[in-house]
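Here's the structure we're looking at; comments come further down.
The values are calculated or read from the model by the stated rules, or taken from the named source; none is laboratory data. These numbers come from a predicted model, not from an experiment. Heads up, the Cβs are rebuilt from the backbone with ideal geometry, glycines too, and the neighbour counts pull from every protein chain shown. Accessible surface areas use protein heavy atoms only, side chains included; no ligands, DNA or RNA. Shrake-Rupley method; radii C 1.70, N 1.55, O 1.52, S 1.80 Å.
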Amino acid sequence: MLANQGQACEVVAFLAPQSAANTAAATSAWIDCRKYEGDLLFTVYTGAVAAGSITWTFEHATDDSGTGGAAIVPTGGALTAVTTSNDPLVQKCTIPANAIAGYVRVVGTVVTGAVLVSVSMCAHPKYA
């Protein structure tokens with residue numbers, strides 16, 4: 001972020017730090033992102049993977065119940081799957097705010113948990 005963008009952005013927790021034993025535990029709620037402009041910057045923290053792997057994906061929808069939910073690929077492509085051989089791993093990605101239907105969630109597909117996870121987003125509110 002340039003100039004004062006860091007000061008102007010808001011930080012939104014998608015997944016609080018936790019140990020996720022399965023995909024349901026590594027999936028966030030639908031978060032309302034309609035008030036943001038520019039890039040939505042996600043920071044995905046994957047800690048120790050006990051066994052197996054976790055693959056991160058993003059979905060967008062028109063409301064907080066997931067109506068019209070569909071996958072959306074970050075600008076730079078899909079994130080790297082995390083296994084016991086490359087953990088811990090911190091990854092960032094961006095999704096343009098104007099490319100989403102309004103609500104976003106992150107899905108961590110866990111194959112043989114548990115895995116330590118956390119996801120946050122920094123974004124610039126419109127008219128800030």
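Assorted remarks:
- Of T43, T83, T67, T55, all but one fail to be out of contact with any Pro (no Cβ under 9 Å at 6 or more places or on another chain) and either acidic (D, E) or surrounded by fewer than 14 Cβ atoms within 10 Å (Cβ to Cβ) (or both); the exception is T67.
- Here A114 fulfils each of the conditions (1) among the hydrophobic types (A, V, I, L, M, F, W, C); (2) closer than 18 Å to F42 by Cβ; (3) buried (at least 19 other Cβ atoms within 10 Å of the Cβ) apart from (2).
- Residue match in the stretch 3-16 (condition: open to solvent by less than 30 Å² (accessible area, probe 1.4 Å) and of a type in the set (F, W, Y)): yes
- Every condition in (1) of a type in the set (A, V, I, L, M); (2) over 13 Å from L41 (Cβ atoms); (3) open to solvent by less than 40 Å² (accessible area, probe 1.4 Å) holds for I95 except the one numbered (2).
- Residue ranges of strands (runs of 3 or more DSSP E) in the stretch 40-106 with at least 3 members aliphatic (A, V, I, L, M): 70-72, 89-96
- Meets criteria (open to solvent by 30 Å² or more (accessible area, probe 1.4 Å), in contact with a Pro (Cβ under 9 Å, 6 or more places away or on another chain) and hydrophobic (A, V, I, L, M, F, W, C)) for L89: no
- Some residue of the stretch 118-128 being of a type outside the set (A, V, I, L, M) and over 24 Å from Q5 (Cβ atoms): no
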